[in-house]
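Below is one structure, written out as structure tokens, with a few remarks after it.
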Amino acid sequence: MQHVPAEPANAAGAALQSAPTTASHALTGLPTLGVSLRAHGSVWLATAALFAYYVATMARDLSLYDSGELTLAAVQLGLGHPPGQPLHALLGFALSHLPAMPHLLGAGLASALPGALTLVPASSLGQTLAGPGARPSTLRAIPWCIAGVALHASLWEPATRVEVYALATFFAVWACARLAEPTAVQHSVASDGERAVLQAGIALGLCACVNPMIALCTGLALAPAIVARMAAGQLRTRALALAVAGGVLGLLPYVYLPLVVQRHDVMLWGAPRDAGSVWRYLSLRDYAHNQQITAAQWLSHGLAWLQWATTNWLLPVLGLGLAGHLSLGRRSTLGRSAYLLLSTLLVAAVSFNVVWNLDVPDYNGYVASALWLAAAGAAAFCAEAFDAGRRGAAMLLALCLLLASFAATPNVFARTRCRDHLARRLAEQVLHEAPRDALVIAEGDLFAGAFFYLQEEEHQRPDVSVLVYGLASSSWHWERIAQLHPQLSPFALRGPGGKSGRVQRWLHANAQRAVLLERFELAQELGLRACVGGLYLRTGTACADEPRAAQPIAAKLLGSQLALLGEGSPSAAGAIADVAYFVGESLWRAGAPRLAFVTLLAGVPNDMLPKAAAKPAPIELEMLPTLTTELPRWQRGAALGDPARNLFLAASMLAASAGPAAAVPYLRAAADAQLPEAVQAFETQH
């Protein structure tokens with residue numbers, strides 16, 4: 001690794017390479033967030049523009065999966081899922097309780113604000129790579145070039161919903177930018193370098209208070225640069241100890257954990273109040289089953305991610321970023337390898353999961369810090385070409401970066417996340433359908449967080465008790481249900497039958513209450529007779545209202561949401577297809593095939609539906625026997641739903657009722673979407 005000479009050629013070079021001085025602060029009047037920064041005005045103008053775009057397009061309501069739970073933890077000052085996100089909860093609480101600030105909007109700003117502010121350390125890194133001799137006009141262009149990359153869907157996505165990744169990414173990129181700064185004055189090399197190492201350690205400790213995996217990967221990627229500087233005599237041997245000490249100091253927000261668990265008026269995931277439960281919570285024991293993966297699977301996942309990156313227009317960013325770091329890394333004390341090492345570690349981390357689906361939006365958040373470093377390297381690479389007189393090539397490369405951001409799905413003009421109320425609409429519909437004092441059992445975690453927020457923070461339907469079946473093995477979940485609904489009859493948590501046995505004892509103790517649940521198979525597992533409901537099935541005494549309930553409620557809700565959001569809000573279309581599929585299957589199994597068919601197709605985008613297909617006669621579908629057989633184990637994985645599955649199941653219904661000819665258009669549509677089962681069936685028929 002090559003290093004910049006300890007003493008610059010002249011005073012101007014020293015000023016450019018060193019951290020901003022008091023004089024430069026007075027000149028610009030703008031902060032630097034603690035990193036070396038030139039062309040301050042351009043950096044902050046680009047940051048403001050990016051922040052405005054993120055705010056304009058971000059979610060203003062509850063989102064799917066963990067967002068509802070994280071929002072509740074922030075607004076209440078509670079505790080989210082392991083290993084906890086204390087810094088995110090504290091920031092979310094502060095922003096969501098600003099005067100006149102709606103709670104949900106403030107919680108969303110805990111992603112949008114650090115997401116946009118990451119442009120500052122990324123610009124610092126880009127300017128460092130561009131070198132002390134870069135022209136002022138080029139330095140002003142670097143933050144705008146990086147901001148163009150930040151419009152890419154993979155960086156926009158984690159910054160526009162309530163999640164932890166944007167905040168963790170800010171601290172990771174800041175640590176990289178701080179360590180990348182060359183030292184200006186020879187006699188203070190050691191002290192300045194050690195200060196930078198300590199500060200980077202603190203930043204990574206703060207990063208770990210949001211997402212430990214991102215912090216760990218970043219620390220491992222930066223360690224070789226620190227060791228190399230120690231070997232070159234630029235740092236004393238205590239530098240690594242300072243990095244560790246800084247990391248420990250940055251972990252101070254975790255003091256929040258023993259303080260918050262003393263509360264009993266908020267949701268405390270895991271309720272870690274004793275040594276055993278604290279260790280289980282912090283060591284991620286609940287997720288150990290998802291890490292049992294072979295080396296071959298791990299490698300195949302990583303290769304699949306690279307293929308996904310190609311189809312999602314990330315290769316121009318990654319490739320130009322790599323070119324920038326390899327060719328210009330000598331100007332940075334990080335050297336040439338830090339970016340490549342960080343990218344490899346982050347992709348390896350997300351690939352180390354048994355459950356692997358490339359449409360999981362969280363993967364974007366995990367690799368975001370590497371993408372920001374790629375943007376900085378790419379911008380510096382373009383700047384170097386421009387200053388070297390290759391202006392046409394520089395403009396072409398910058399245009400490629402911008403086109404990649406505009407071409408990635410959803411593109412900048414088609415993003416509908418600001419209109420996304422799907423999680424709320426689904427949860428509110430179930431609560432609306434529930435009879436007085438009903439018991440609701442949600443099998444998946446798709447919008448479980450929305451149930452938590454609506455009931456605990458907005459106090460919707462406090463008479464309804466919601467159990468998330470996936471958490472039925474967790475005593476803390478039962479304790480929270482009992483706290484919220486003291487009128488429920490007690491029952492024995494410990495007993496035979498495992499998770500389903502525990503739920504059965506709960507239902508038996510409260511047998512006078514109506515029960516709604518998500519899927520037909522769950523009703524069978526619990527020994528309940530299920531009948532047609534709305535979005536959820538009814539069981540027991542709730543089935544007395546079956547004739548009135550047999551309406552296309554779910555189909556209308558899902559169809560309207562799909563028409564509103566389309567592909568512009570990542571995960572929404574997949575979630576709609578998923579809910580439509582399982583509601584449709586459950587309705588068919590419950591003896592309502594016509595409603596099942598309509599619901600299945602409500603989850604399919606219009607451009608996928610067969611254009612020339614004749615609508616089946618209702619009488620034909622009504623005569624279809626109830627589904628009792630097992631459905632295929634789908635060869636193509638999906639994090640949420642796959643509308644091609646809906647088409648395939650609809651084709652199966654038509655083949656069994658109106659005949660094979662009626663099923664052909666739907667089967668062809670599923671085959672056109674490359675669903676393996678549909679392709680095989682269509683080829684067999686033709």
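Quick check for me: using +1 on Lys/Arg Cβ and -1 on Asp/Glu Cβ, what's the dipole size of the chain about its Cα centre, in debye to the nearest 20?
1040 debye
Please list log₁₀ I(q)/I(0) at q = 0.14, 0.18 Å⁻¹ for segment 422-549, using the Debye equation with identical point scatterers on the alpha-carbon positions.
-0.55, -0.96
For residue 414 and residue 635, FRET efficiency with R0 = 30 Å and r from the beta-carbon atoms, rounded to 0.05?
It comes out at approximately 0.50.
Leaving out same-chain residues fewer than 8 places away, which aspartates and glutamates sit with a Cα under 20 Å from that of residue 499?
Here the aspartates and glutamates satisfying the reach criterion relative to residue 499 are 286, 443, 445, 479, 518, 521, 525.
Sort by residue number and report every cysteine in the chain with no other cysteine beta carbon within a distance under 4.7 Å.
Cys with no partner Cβ under 4.7 Å: 145, 176, 207, 209, 217, 382, 400, 418.
For 198, 129, what ranking results if the residue with the fewest other Cβ atoms within 10 Å of its Cβ goes first?
Final ranking by Cβ density, sparse to dense: 198, 129.
Note down the net charge around residue 156, summing +1 for each Lys or Arg and -1 for each Asp or Glu among other residues with Cβ under 15 Å from its Cβ.
Result for the local shell: -2.
What percentages make up the Cα-Cα pair-distance distribution of the chain when the bins are 20 Å wide from 0?
Histogram of Cα-Cα distances, whole percents per bin: 17, 46, 28, 8, 0.
Quick check on the exposure proxy: order 628, 541 from fewest to most C-beta atoms within 10 angstrom.
Going from least to most buried by this count: 628, 541.
Sort segment 588-685 into rounded, prolate or oblate with this rule: let a ≥ b ≥ c be the square roots of the eigenvalues of the Cα gyration tensor; rounded if a/c is under 1.5, and if a/c is not under 1.5, prolate when a/b is larger than b/c, oblate otherwise.
Because its axes are fairly even, with a/c under 1.5, segment 588-685 counts as rounded.
Give me 303, 526, 562 sorted ascending by neighbouring Cβ count inside 10 Å, so fewest comes first.
Starting with the residue having the fewest Cβ neighbours, the order is 303, 526, 562.
We did not get these values from a lab; they are worked out from the coordinates using the rules stated. In this text the structure is predicted, and so the values were computed from the model without any measurement. Don't worry about glycine lacking a Cβ; one is built from the backbone with ideal geometry, like all the others, and counts go over all protein chains shown.
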